[in-house]
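To start, the structure under review is shown below, and the notes come after it.
The values are calculated or read from the model by the stated rules, or taken from the named source; none is laboratory data. Since the structure is predicted, the reported quantities are computational estimates derived from the model, not experimental observations. All Cβ positions, even for glycine, are placed from backbone atoms using ideal geometry, and neighbour counts span all protein chains on display.
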Amino acid sequence: MKQYELREQMNSITEPPGKTWFWELAAGVIDADRCIQCGTCVAVCPSNSIGVNEETNLPELIKMCTGCSQCWSYCPRGGLRYEATWPPSTPETDVPIPEENLVTRPDPGDAYWKITGGDPGAGLGRVLEAYAVRAARRPDGAQDGGAVSALLCGLLDAGAIDGALVSKPSDDPNEPWKGVATIATTAAEVRAAAGSFYNQTMALAELDLSTYALPPKPRIATVGTPCEVQGLAAMQLRKWPTGAHRVDAVVLTVALLCTKSFDYEKLIVDELERRRVVDMERVSKIDVIRGRLIVEYADGAIAVDEPIKEFHGAALKGCDECADFLGRSADISVGSVGSSDGWTSLLVRSDRGREAVERARGSLDIRHLDDPQALLRLDAFDRRTAVEALERNFDPDGSFFIDFASHVKNYTGSYRAPVFLRH
């Protein structure tokens, strides 16, 4: 990479030990087409040296890199061992959750683990409560049961949060159905952002709250994909001065159950508009449910109903490496899998999550989770995909966790230690 070569030629001064530079992250993740566009590297940079390229939506260096190593250490596709952000599993979540065990406590003494086995990665992860929920008053355009919008509105009305990091539709008329990150500070703004977008938004980069009218010590709920929650959880567990980005302001994390996200241009423009001639201005909903991508027009007509595997070429390649479909690092995990049509599966994973559901209970219809086994089946599939991707991409010997030193050397020509080692 040009910047790396330039640094080698700069002068004869010996580099201080233990440094990792942004261009090493770029070589190993961004240029290698493994970036999942979570925004962690932007949010964790203490010198605000990393920004977002407006054309590619990828991280880029906007001023001098200090070599602090944090962009690499906290990146879910770089040095972050994201399983280390998972709390220990609730026992016996590999079987349907009986009513008497809906509220349980994990063993905090569980040791570290590997994705391929060990209690903290078992079953549904840590689950204090499991429900099927829907909004008591479902907002227009809401996905599934509209539970996330109802939860956020309930928390805003109760004064429990000052804003929520969500995705809203792009203001650019040339970008139909493109989500962009924003901080919603009113229930009306939350409802306007209802529904799902299937592109990543570099969401954590939006935690620079300086452009929003918020109190001096804001309380923010964050809704995002599991990888976004992984990076955020790591930053909150291993505190680091994060420049302009208020990681400390996040008081609640909601993970959207996710097997993959997509490149906007490849999915919306290439696959839908060009190949399938979908009139995106007429689209009222895009959904991935029961293994199929469904695009619906406002008049109820179905424009697309195809297996999601037909769109695999539009997915972000780095998503294949993720084994966290269930969002185990979050306070709450939500998604359509495991619940009937019109309802949302909701897994409460922490005391913060439980308190949030209690505060918003008046905005929700709540009943028992329909099919926990459906969640387990898709999680098992997601793990197999991750194992295959990592073996295919990195490990000629066939073991799941690659040797970290070899991994970094292959991409950057040097070895640097991260905060959480993969092993």
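For Phe420, the criteria (1) part of a loop (DSSP other than H, G, I, E, B); (2) farther than 19 Å from Pro87 by Cα; (3) at pLDDT below 90 hold in every case but one, which is (2). Here the condition is being outside any helix (DSSP H, G or I), on the phi > 0 side of the Ramachandran plot and touching a strand residue (DSSP E or B) at 6+ places or on another chain (Cβ under 8 Å); of Gly300, Gly342, it holds for Gly342 alone.
Restricting Val278, Val254, Val283, Val250 to those that are within 19 Å of Ser170 (Cα to Cα), of a type in the set (Val, Ile, Thr) and modelled with pLDDT of 95 or more reduces the list to Val278.
Only one of the numbered conditions (1) under 19 Å from the mean Cα position of the chain (by Cα); (2) part of a strand (DSSP E or B); (3) free of Cβ contacts under 8 Å to residues at least 60 places away in the same chain is not met by His312, and that is (2). For segment 356-403, the set of residues classified as at pLDDT below 50 and under 23 Å from the mean Cα position of the chain (by Cα) consists of Phe400, Phe401, Ile402, listed by residue number.
Checking each residue in segment 17-51 for being free of Cβ contacts under 8 Å to residues at least 60 places away in the same chain and among the hydroxyl-bearing types (Ser, Thr, Tyr) picks out only Ser49. In the set Cys258, Cys322, only one residue is touching a Phe, Trp or Tyr at 6+ places or on another chain (Cβ under 7 Å), buried (at least 22 other Cβ atoms within 10 Å of the Cβ) and within 28 Å of Pro87 (Cα to Cα); that residue is Cys258. Restricted to segment 262-283, and to residues there that are of a type in the set (Asp, Glu) and in contact with a strand residue (DSSP E or B) (Cβ under 8 Å, 6 or more places away or on another chain), the residue that is nearest to Asp299 (Cα to Cα) is Asp279. From the list Gly145, Gly159, the one residue that fits, being at positive phi and assigned to a loop (DSSP other than H, G, I, E, B), is Gly159. Filtered by the rule that a residue be of a type in the set (D, E, K, R) and either out of contact with any strand residue (DSSP E or B) (no Cβ under 9 Å at 6 or more places or on another chain) or surrounded by fewer than 19 Cβ atoms within 10 Å (Cβ to Cβ) (or both), segment 144-167 gives a lone residue, Asp157.
Residues that are aliphatic (A, V, I, L, M) and more than 23 Å from Ala315 (Cα to Cα) were ranked within segment 37-74; the one that is modelled with the lowest pLDDT is Met64. Out of Ala188, Ala184, one residue alone is surrounded by 17 or more Cβ atoms within 10 Å (Cβ to Cβ) and closer than 19 Å to Gly146 by Cα. It is Ala184.
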